[in-house]
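S.K.: Below: one structure in structure tokens.
The values are calculated or read from the model by the stated rules, or taken from the named source; none is laboratory data. Predicted, not measured: the structure shown is a model, and the values here were computed from it. Heads up, the Cβs are rebuilt from the backbone with ideal geometry, glycines too, and the neighbour counts pull from every protein chain shown. All accessible areas refer to the heavy atoms of the entire protein, side chains included, with ligands and DNA or RNA removed. Shrake-Rupley method; radii C 1.70, N 1.55, O 1.52, S 1.80 Å.
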Amino acid sequence: MPRCTRCGNTGSFGSSIIPPAAPTANGPAAGLVADFDHDGYITEMQSLGADLDTAQNAWESPREYFDVCYECGSSEIDWA
């Protein structure tokens, strides 16, 4: 299960690999965002800049994609 070592978030993470479709000052921080359950499985994913193949790959290999805490912006993510 992913966990932000800075704020303790375990629920919502973004991907620094996929930039937002339209970067703005108050827009989304990543082009791919996922919500995780308490077992570490993705429950919902929002693709705001990723193509279908990339989104599918992220769903199947979340450790490789979701590396930014969507609560505090930290990249200190522990996947233990």
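S.K.: Which residue pairs have Cβ atoms under 6 Å apart, sit 6 or more places apart or on different chains, and have a first residue in the range 20-40 that is modelled with pLDDT of 90 or more and among the acidic types (Asp, Glu) and a second that is assigned to a loop (DSSP other than H, G, I, E, B) and open to solvent by 10 Å² or more (accessible area, probe 1.4 Å)?
M.R.: Short answer, once both residue conditions are applied: 35/11.
S.K.: Right, next: Just the residues that are modelled with pLDDT of 90 or more, open to solvent by 20 Å² or more (accessible area, probe 1.4 Å) and out of contact with any Lys or Arg (no Cβ under 8 Å at 6 or more places or on another chain), please, taken from the range 1-15.
M.R.: Selection gives 3, 5, 6, 7, 8, 11.
S.K.: Looking at (1) at pLDDT below 95; (2) open to solvent by 80 Å² or more (accessible area, probe 1.4 Å), which is the only condition residue 50 fails?
M.R.: The one condition residue 50 does not meet is (2).
S.K.: Can residue 78 be described as open to solvent by 50 Å² or more (accessible area, probe 1.4 Å) and modelled with pLDDT of 95 or more?
M.R.: Yes, satisfied.
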